[in-house]
1. Within the bounds of the stretch 200-214, is there any residue that is touching a residue at least 40 places away in the same chain (Cβ under 8 Å), surrounded by fewer than 16 Cβ atoms within 10 Å (Cβ to Cβ) and among the basic types (Lys, Arg)?
2. Just give me the residues in the stretch 67-81 being under 22 Å from PHE252 (Cβ atoms), of a type outside the set (A, V, I, L, M) and in a strand (DSSP E or B), in sequence order.
3. If the Cβ limit is 6 Å and pairs must be 6+ apart or interchain, which residue in the stretch 67-82 that is farther than 17 Å from SER189 by Cα and in contact (Cβ under 8 Å) with a residue 40 or more places away in the chain pairs with which residue that is part of a strand (DSSP E or B) and of a type in the set (S, T, N, Q)?
4. Identify the single condition in (1) over 21 Å from HIS253 (Cα atoms); (2) over 22 Å from the mean Cα position of the chain (by Cα) that LEU144 does not satisfy, given that it satisfies every other one.
5. Taking the stretch 132-189 on its own, how many of its residues are in a loop (DSSP other than H, G, I, E, B), modelled with pLDDT of 95 or more, small (Gly, Ala, Ser) and in the same structural domain as LEU109 (by TED's automatic domain parsing)?
6. If you take the residues of the stretch 190-226 that are aromatic (Phe, Trp, Tyr) and over 15 Å from the mean Cα position of the chain (by Cα), which of them is modelled with the highest pLDDT?
7. When the residues of the stretch 201-229 are filtered to those that are touching a Leu at 6+ places or on another chain (Cβ under 7 Å) and in a loop (DSSP other than H, G, I, E, B), which remaining residue is farthest from LEU274 (Cα to Cα)?
8. Conditions: (1) exposed (fewer than 15 other Cβ atoms within 10 Å of the Cβ); (2) at pLDDT below 95; (3) hydrophobic (A, V, I, L, M, F, W, C). ALA102 meets all but one. Number of the miss?
Amino acid sequence: MDIDLHCHSTASDGALPPAELIRRAHEHGVQTLALTDHDTIEGLPAAHEAAAALNMRLLNGVELSCLWGGATIHILGYDFALDDPAIVAATQSLHRGRWLRAEEISKRLAAKGISGALEGAQAIQAALGDSANAPARPHFAQFLVKAGHVRDHAEAFRKWLGAGKIGDVKQHWPSLEETMATLVAAQASISLAHLYHYNFTRTKRRRLVQDFVNAGGHALEVVNGMQPAEQIGTLSILAREFNLKVTAGSDFHLPQQWSEIGRYRAVPDDLTPLFVQ
């Protein structure tokens with residue numbers, strides 16, 4: 001695809017530094033890219049420099065975590081100013097919260113006999129690329145593999161880091177309403193990310209979309225990587241029902257997992273994209 005509106009760099013939990021991510025996107029035919037790291041805009045200046053050298057269009061982006069209905073959900077914000085006060089304040093607050101979360105994960109693992117987890121996760125993160133952000137659960141997972149506590153990334157999440165496990169530390173995210181207010185104040189274009197990542201009933205999914213629209217949302221991410229076609233169909237129905245524009249992206253984190261950058265299933269032709277090439 002020539003446009004990809006969802007990807008991650010080492011500024012959050014991706015495997016490639018921003019400049020390398022831009023180069024990979026260019027090699028895969030992407031002409032318009034949005035870098036949407038989790039709760040940070042740290043990677044965008046380097047990404048812009050790399051994109052300019054390749055004559056690529058780069059949209060400012062971020063994937064903000066928030067709470068709705070007792071669950072953590074993600075909101076994609078696009079095309080805001082890098083120095084916007086609302087975005088800067090929100091990401092700084094989330095930055096502090098993510099460090100507290102990483103420290104708590106390490107403490108919990110230490111209580112089970114796994115010492116040095118925070119330092120190990122930071123070393124994994126540093127090897128991928130310099131970042132002032134806290135290591136995330138994928139970094140802890142790689143530490144657990146490297147230290148010999150588990151066989152692979154999947155086992156790390158199954159035993160230690162996945163939902164309901166000891167390393168599943170809930171952060172005190174802002175509410176959906178607070179996060180939407182931040183993005184609205186920044187005059188961002190706003191999309192509700194990967195609705196099928198949340199373990200919701202059909203009724204609860206629809207209620208979330210309604211609250212998102214009421215709070216000023218613009219679009220629904222109807223395609224996230226290589227998700228099943230039937231999910232795309234259901235999300236497309238919701239986009240039509242609520243008169244929402246749509247976004248799509250690879251949700252790229254690292255090569256050879258989930259989806260390559262610029263690669264995702266097709267968006268139905270009758271839907272209106274939030275951005276076009």
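1. yes
2. Quick first cut of the stretch 67-81, residues under 22 Å from PHE252 (Cβ atoms) only: 72-80.
Those left that are additionally of a type outside the set (A, V, I, L, M): 72, 74, 77-80.
Once the filter is applied, which keeps residues that are under 22 Å from PHE252 (Cβ atoms), of a type outside the set (A, V, I, L, M) and in a strand (DSSP E or B), the stretch 67-81 yields THR72, HIS74, GLY77, TYR78.
3. Filtered contacts from the stretch 67-82: LEU67/SER175; THR72/SER65.
4. (1)
5. Residues in the stretch 132-189 being in a loop (DSSP other than H, G, I, E, B), modelled with pLDDT of 95 or more, small (Gly, Ala, Ser) and in the same structural domain as LEU109 (by TED's automatic domain parsing): 2 in total.
6. Here the residue is PHE212.
7. ALA215
8. Of everything listed in (1) exposed (fewer than 15 other Cβ atoms within 10 Å of the Cβ); (2) at pLDDT below 95; (3) hydrophobic (A, V, I, L, M, F, W, C), ALA102 misses just condition (1).
The values are calculated or read from the model by the stated rules, or taken from the named source; none is laboratory data. What you see is a predicted model; the values in this text were computed from it and never measured. Because the Cβ atoms are built from the backbone with ideal geometry, glycine has one as well, and the counts that use them run over all protein chains shown.
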